[in-house]
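Notes for the one structure printed next.
Computed from the coordinates by the stated procedures, all read-outs in this text should not be read as laboratory data. These numbers were taken from a predicted model, which means no experiment stands behind them. Note: ideal-geometry Cβ built from the backbone for every residue, glycine included; neighbour counts use all protein chains shown.
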């Protein structure tokens, strides 16, 4: 913001309502004309107990009843040039200790800081709404004053000689961006808001859970005076706040340092980081670095306790400090940090330099070496139906320098994991989030160690859409004890004038440009599917996935969402998009169907990152139906912070959805619902979780007759053929493949102790895989994959012998051991040489520490494992089985595949023999 702009703020732009107390009255404006202000802070409850406001004997007495502000506003906007005079007495204090906002993202509640730390009396200035005002706060218990800003959080904390039980006069003069406060004639605040100052609005009074008397309240307009802000003079120093070390610039808190007690236990976490004086806190991050495999996210713990662990050698115009991090079995690091103010850009610079040495006893195989992982605060705007709103940070793009040194960008769309992990150059490079009217969060990195050519450095948007990995990754060579790495990380801001030029010079990353398909925009008020968004030109942060927009069919217009079966259409709703402060939510809309078979259509509402909570609503839609209304009430959205709304079509045919809406319900709202019973012959089976009999011609997929929805989805062009009435699929070994996307019943489970790995365990302990397969002799001898779930499980054909026409069947289903840090290391492997070009009935049973391999009904091999270990390895990435190829696209299978089943128990030898004799249905030949 320019000085010229700041001067212009002193010009009056609104109608004045002057409130000057008459003799014998606390105010000339009767209390009944004042209005109560709403708060967007839902941490205090939606309906906190209001304070008592009582006029008596020319005084105003206010008695707070809750641990939050209660505010009344003087009617009428006031000039940006105003004096407010208040004579007051704090009769009893709330006696709250100082407590600055905790380190967290608060994606749906930036206004949370409004009621921290706990005060006694406050003056509200330039109130334009709950998201646009200042509050000057006083605590008699702490003898402290603070200036709070709905855009920038706490702008000032200062000692103030206010005393409980004593009469005081507070004068506040605000001219444009300049605010000066005196208490009993002594200056206690002198602040210039250089960022995004509020320029007009109402004035008011606030009280916390305290008892306050107001003897006089007067607002006087002042003549405008041109103002020039002085040069910013930084004064960096630390203050202790409980377990936090707070970094201040003068009286403004700009970062909070904390040693984590959960999650990344012991990690130095830096939160509520401000990039510019008066700016909003932008993000938090740990600083370690993080090296996996390792506990939690692998962050090296801080050595020592705060504040002594931060060895400060200089304060004032710059702050210099040193600290150490160490994980004895992995690495130790020495860090130097300089915090300074960039006068040219008008932003802060947090400059870290690190010297790290690996201390493992032997070679250390690195999975990821992550320097920082900033988690942004409120970078998603509230949706149109949200009641309790916040000031969004505006970020829509991640701009980065690629290995060719050119600037590229990708959009911050929640589900962009395949397109949003981009390689950057090795050495020195910059990346930033754009736009941001305050200052664009900018990261300057320097990598000063020899690169392993098998590894790369990449930037990544986490799949939940709020944090930004900066990490080295790839399948490189192990590093040896004593291996050293030096690197630097600078966290700073970039003015929009500069960032705008970089954005104009950038191009959409090639990976994003290659995926330019259109997605229907999610509108919680009602998705009509007429508006679409693409990755290169995103119109929305939240979109419908998998299903396609049909521009030829609609209920009231010509657009709808079409789901071809078996398939689904779904939206992942982060709680910025809908009102989160409710007990129940209403999902409703319209559907139409043609030729639907199988179980029909159902709606699943489920927490995105676990199997619970979940609710399923059966919708039927079998056969041909015209537009039919559906309406369901769910409470799954109570589980923060993300909910999937999934319409699942089980079977062939297609359905169309239109005018789909999602909204919070008030306690007294209970709309009609449209429940439908599930036909008894379509109830999901519990004994068999996947049943693909290959008894009908497959085009898009093979139907799961267990009704669990684990359909085989085809990719490429596998052929459906028949021999002697038995159907099967033929894979060409080049382009053909298939997947089985998993429903929550089979999604990986958490294994958090002792190393913090999540979503790594198969959900069953007793089970059986069953396959019919006829592998062809590989012309190249390359391994062919029949079953794969990323690292584990695997069923493959290897070591082909053209002489005798055989190959080696390889089965792997490893266990996770308690000490495992990354991959499961409890090997469970069976090998058996089998003939090619011959149908094989393959079953593997798992139970009580033993895996048995059966071929054509007979046991042919086994492996043992410890049943007390955590479980079978089943790593979450992908959440689908790959059939006829491996995760990542390799090891293509050449041959035929018949029925596939997953039994939820270990089949007995007689059960396996019966499946061999009777498990492949014979159907009428289809032509």
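Within region 542-565, whose backbone N sits under 15 Å from a point 7 Å along Cα→Cβ of residue 699? Hits in region 542-565 for residue 699 at 15 Å: 563-565.
Stick to the Cα atoms of region 426-465, pair each with every other, and give me the Kirkwood hydrodynamic radius in Å at one decimal. Its Kirkwood hydrodynamic radius stands at 12.4 Å.
Tilt of helix 496-505 relative to the longest C-alpha principal axis of the chain, in degrees (0 to 90, nearest 10)? With rounding to tens, the tilt is 30 degrees. Here the gap between residue 869 and residue 766, fully extended at 0.36 nm per residue and compared with their Cα-Cα distance, gives a gain of 35.7 nm.
Shape class for region 90-237, computed from the alpha carbon gyration tensor (a ≥ b ≥ c): rounded, with a/c under 1.5. Values of log10 I(q)/I(0) for region 157-197 across q = 0.13, 0.28, 0.32 Å⁻¹ run -0.32, -0.98, -1.12, by the Debye formula with one identical scatterer at each alpha carbon and no solvent. Note on residue 237 and residue 169: with the Förster distance fixed at 35 Å, the Cβ-Cβ geometry gives a FRET efficiency of about 0.70. All distinct Cα pairs of the chain go into the 1/r average, and the inverse of that average, the Kirkwood radius, is 31.3 Å.
Available extension along the chain between residue 220 and residue 629 is 141.3 nm, counting 0.36 nm per residue and deducting the alpha carbon span.
Quotient of the Cα radius of gyration of region 355-469 and 2.2 N^0.38 Å, N being its number of residues: 1.25.
Let me know the volume per residue of the alpha-carbon convex hull for region 215-257, in Å³. About 138 Å³ per residue, rounded to a whole number. Peptide packing: for 163-174, 858-869, 121-132, the average count of neighbouring Cβ atoms within 10 Å per residue gives the ranking 121-132, 163-174, 858-869, highest mean first. The helix-based estimate of mean residue ellipticity at 222 nm for the chain, built from -39,500 (n - 2.57) per DSSP H run of four or more residues and divided by its residue count, is -1000 deg cm²/dmol to the nearest 500. The packing ranking of peptides 688-696, 84-92, highest mean first, is 688-696, 84-92, where packing means the average number of other beta carbon atoms within 10 angstrom of each residue. One decimal place: the segment residue 923-residue 480 gains 153.4 nm when fully extended, by the rule 0.36 nm per residue minus the C-alpha distance. What share of Cα pairs, in percent, lie more than 19 angstrom apart in region 657-720? The share of Cα pairs beyond 19 Å in region 657-720 comes to 58 percent. Remark on region 185-229: ratio of C-alpha radius of gyration to 2.2 N^0.38 Å is 1.57.
Taking a ≥ b ≥ c as the square roots of the Cα gyration tensor eigenvalues, with a/c under 1.5 meaning rounded and otherwise prolate when a/b beats b/c, else oblate, which class fits region 505-601?
oblate
Principal axis analysis of the Cα atoms in region 414-520 yields extents of 49, 33, 24 Å, listed in decreasing size.
With N counted as the residues of region 519-681, its alpha-carbon radius of gyration over 2.2 N^0.38 Å works out to 0.99. Sorting 787-797, 471-481, 674-684 by their mean Cβ neighbour count within 10 Å, with the most densely packed peptide first, gives 787-797, 471-481, 674-684. Reported value for region 688-918: 113 Å³ per residue, from the convex hull of its C-alpha atoms.
When you restrict to C-alpha pairs under 8 Å that are six or more residues apart and normalise by the size of the chain, the relative contact order lands at 8 percent. Shape class for region 652-773, computed from the alpha carbon gyration tensor (a ≥ b ≥ c): oblate, with a/c not under 1.5 and a/b at or below b/c.
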